[in-house]
Amino acid sequence: MIPDPRGVRRRFHIRTFGCQMNEHDSERIADLLVADGMEATDDPDQADVLVFNTCCIRENADNRLYGELGRLKPQLDRRPGTMVAVAGCLAQKDREQVRRKAPHVDVVFGTHNIERAPVLLRQAADSGPVVEVLEAPVTADCGQTTAPGPGPARRSAHSAWVTVQRGCDNSCAFCIVPQVRGREVSRPFDELVAEVRTLAGRGVSEVTLLGQNVNSYGRDLTKRRPLFAELLRAVGAVEGIRRVRFTSPHPKDLRPETMAAMAETPAVCEHLHLPLQSGSDRVLKSMRRGYTSARYLERLAAARSAVPDLAVTTDIIVGFPGETEDDFAETLAVAAEASYDSAYTFVFSPRPGTRAAAMPDRFVDREVVAERFERLRVVVERSALARHRARVGRLEEVLVEGPSKRDPAVRSGRTRQNALVHFVPDARGGPAAGAYLDVHITQAGPHHLMGELSTAP
Ligand code: SF4
């Protein structure tokens, strides 16, 4: 790593924007920097290297990043020599423009060359700013790994993300991911199962398989083309793994084999995140999603019938270009029929370079969008509350995550359906994070459950 005149280990701080994929990438960057002799710090003021791992899905993520970079200047004046790196999707998209907007950035690297982070930082320390963004990822079939780095990253001692695939071969009109993450590249099956075994050996009991469209996992592999269902079964069979989650499957590619694997593999949790985006067939076509609302609801019904007690969550965009009141009414109707356990709802934000950003009717009136957003929130909360209330009185297996973010006297955890449960700990403050225990559900809200530790043996 960069030579330090004080002879102490240099510290880095990573600020992550965006999705789970980005959080996982941040863990990989952290692993690489630690392997290079650095030390992580939670305090950005104490860091010698500040890494911003960015997102560009929505416009406000761009604005937030450039705002934060601008606010760094006093810190850089106070601590000359502090290095700033910008990584991730926005770096992939903006490239040299990052330094034009924020000239104090030392290193810019993209989503395809994360493993180069230590080298690029050293290079910048020796000879000045460096921008290195690759057009495409290395591919698994050409013999190079798509998961570079010193080993699997972990989000906690008991839970880990495992990236099964990078990039996306779809072309949703609103989405910039294919441009910044490239074509789909699946990691080899055996490598993934070995990684999960390694994680289990280190005490991890819950893994979340990550990909932009996990259902198409394996399609690009040439030597052997395993289905995602096979991967679910193999990962679920690893000794020590009690819970397997995955995100996100594309509705058009949700296969019966996946549902069967979910139903027949005890470790695979009863939770399906199935992005709807819109309930209007006209809007879905304009979005290039490749399904109709009827097809979506059919697949959802099939999943619910295959997997008992399945929780379903979704993503919905409000105010897509040209969305009329009739289109939105169809979205409300589908959302009500789907009866979601929760939903991530977004106001459409045009991303430069996407088809949607060039649509002539791209701006739906702001007040109309705000009012629709609120109506959708009411529909989703109604179904979430009903589904949560149905769990009151039941005993749920909860994986303890730790103290609640809002009240440290309370513990939080997740059910197999991924519902958040708060409960009062025992007299010794336990059980500790990573423990599995039975919680008796006593109350329900739209966003969480309340419960009591079971006294049953
Ligand atoms: S499936 Fe569509 S929304 Fe998802 S990453 Fe690919 S292009 Fe984007």
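Among the numbered criteria (1) modelled with pLDDT under 90; (2) within 16 Å of the ligand (Cβ to nearest atom); (3) farther than 26 Å from Asp36 by Cβ, which one does Arg166 miss?
It fails just one condition, (3).
From (1) over 15 Å from Asp315 (Cα atoms); (2) more than 18 Å from the chain's Cα centre (by Cα); (3) in contact (Cβ under 8 Å) with a residue 40 or more places away in the chain, pick out the condition that doesn't hold for Pro266.
Only one criterion is unmet by Pro266, namely (3).
Residue check: is Leu272 without any contact (Cβ under 8 Å) to a residue 60 or more places away in the chain, crowded, with 20+ Cβ neighbours inside 10 Å, within 13 Å of the ligand (Cβ to nearest atom) and within 20 Å of the chain's Cα centre (by Cα)?
Values: without any contact (Cβ under 8 Å) to a residue 60 or more places away in the chain: yes; crowded, with 20+ Cβ neighbours inside 10 Å: yes; within 13 Å of the ligand (Cβ to nearest atom): no; within 20 Å of the chain's Cα centre (by Cα): yes.
No; evaluated as a whole, the condition is false for this residue.
Would you be able to tell me the number of residues in segment 248-257 that are more than 15 Å from the ligand (Cβ to nearest atom) and either under 20 Å from Thr292 (Cβ atoms) or part of a loop (DSSP other than H, G, I, E, B) (or both)? Steps first, please.
Kept after step one, since they are more than 15 Å from the ligand (Cβ to nearest atom), are these residues of segment 248-257: 255-257.
Checking which are either under 20 Å from Thr292 (Cβ atoms) or part of a loop (DSSP other than H, G, I, E, B) (or both) leaves us with 255-256.
Within segment 248-257, residues that are more than 15 Å from the ligand (Cβ to nearest atom) and either under 20 Å from Thr292 (Cβ atoms) or part of a loop (DSSP other than H, G, I, E, B) (or both) number 2.
Can you work out which of the residues in segment 169-222 that are among the β-branched types (Val, Ile, Thr) and modelled with pLDDT under 90 is nearest to the ligand (Cβ to nearest atom)?
Restricting attention to segment 169-222, the residues satisfying the condition of being among the β-branched types (Val, Ile, Thr) are 176-177, 180, 185, 193, 196, 198, 204, 207-208, 214, 222.
Checking the rest, the ones that are also modelled with pLDDT under 90 come to 176-177, 180, 222.
Values: Ile176: 8, Val177: 4, Val180: 10, Thr222: 22 Å.
Looking at residues that are among the β-branched types (Val, Ile, Thr) and modelled with pLDDT under 90, I get Val177.
Do we find that Cys19 is surrounded by 23 or more Cβ atoms within 10 Å (Cβ to Cβ), outside the structural domain of Pro178 (by TED's automatic domain parsing) and in contact (Cβ under 8 Å) with a residue 12 or more places away in the chain in this structure? Quick ask: steps written out before the conclusion?
On the way: surrounded by 23 or more Cβ atoms within 10 Å (Cβ to Cβ): no; outside the structural domain of Pro178 (by TED's automatic domain parsing): yes; in contact (Cβ under 8 Å) with a residue 12 or more places away in the chain: yes.
When the stated conditions are applied, Cys19 does not pass them.
Is there a residue being outside any helix (DSSP H, G or I) and modelled with pLDDT of 95 or more anywhere in segment 225-238? Quick ask: steps written out before the conclusion?
Step one: of segment 225-238, the residues outside any helix (DSSP H, G or I) are 225-227, 237-238.
In the following step, the residues that additionally are modelled with pLDDT of 95 or more were identified as 237-238.
Yes: one or more hits.
Considering only segment 417-424, I want to know if a residue exists there that is more than 22 Å from Glu206 (Cβ to Cβ) and either of a type outside the set (A, V, I, L, M) or assigned to a loop (DSSP other than H, G, I, E, B) (or both). Spell out the reasoning first.
Residues of segment 417-424 more than 22 Å from Glu206 (Cβ to Cβ): 424.
Applying the additional criterion that residues be either of a type outside the set (A, V, I, L, M) or assigned to a loop (DSSP other than H, G, I, E, B) (or both) yields 424.
The answer is yes; a qualifying residue exists.
Take segment 12-28 and flag every residue that is out of contact with any Asp or Glu (no Cβ under 9 Å at 6 or more places or on another chain) and assigned to a helix (DSSP H, G or I).
Gln20, Met21, Asn22, Glu23, His24, Asp25, Ser26, Glu27
Here is a list: Val439, Val368, Val378, Val364. Which entry is outside the structural domain of Phe174 (by TED's automatic domain parsing), of a type in the set (A, V, I, L, M, F, W, C) and either free of Cβ contacts under 8 Å to residues at least 60 places away in the same chain or not in a loop (DSSP other than H, G, I, E, B) (or both)?
Details: Val368 fails: outside the structural domain of Phe174 (by TED's automatic domain parsing); Val378 fails: outside the structural domain of Phe174 (by TED's automatic domain parsing); Val364 fails: outside the structural domain of Phe174 (by TED's automatic domain parsing).
Criteria check complete, one pass: Val439.
With Ala294, Ala263 as the choices, which residue is aliphatic (A, V, I, L, M), more than 16 Å from the ligand (Cβ to nearest atom), in contact with a helix residue (DSSP H, G or I) (Cβ under 7 Å, 6 or more places away or on another chain) and modelled with pLDDT of 95 or more?
Details: Ala294 fails: in contact with a helix residue (DSSP H, G or I) (Cβ under 7 Å, 6 or more places away or on another chain).
Checking each option against the conditions leaves just Ala263.
Provide a single number: the residues in segment 426-457 that are surrounded by fewer than 17 Cβ atoms within 10 Å (Cβ to Cβ) and at positive phi.
Here the count works out to 1.
Got at least one residue in segment 149-161 being within 16 Å of the ligand (Cβ to nearest atom), closer than 20 Å to Ala30 by Cα and either within 17 Å of the chain's Cα centre (by Cα) or of a type in the set (Lys, Arg) (or both)? It would help to see each step written out before you state the result.
Start the filter on segment 149-161 by keeping residues that are within 16 Å of the ligand (Cβ to nearest atom), which leaves none.
No: segment 149-161 contains no residue that is within 16 Å of the ligand (Cβ to nearest atom), closer than 20 Å to Ala30 by Cα and either within 17 Å of the chain's Cα centre (by Cα) or of a type in the set (Lys, Arg) (or both).
Give me a count of the residues in segment 204-220 that are at positive phi and of a type in the set (A, V, I, L, M, F, W, C).
Here the count works out to 0.
The values are calculated or read from the model by the stated rules, or taken from the named source; none is laboratory data. Note that the structure is a prediction, hence the values are computed from the model and not measured. Neighbour counts are summed over all protein chains in view; Cβ atoms, including those assigned to glycine, are modelled from backbone coordinates with ideal geometry.
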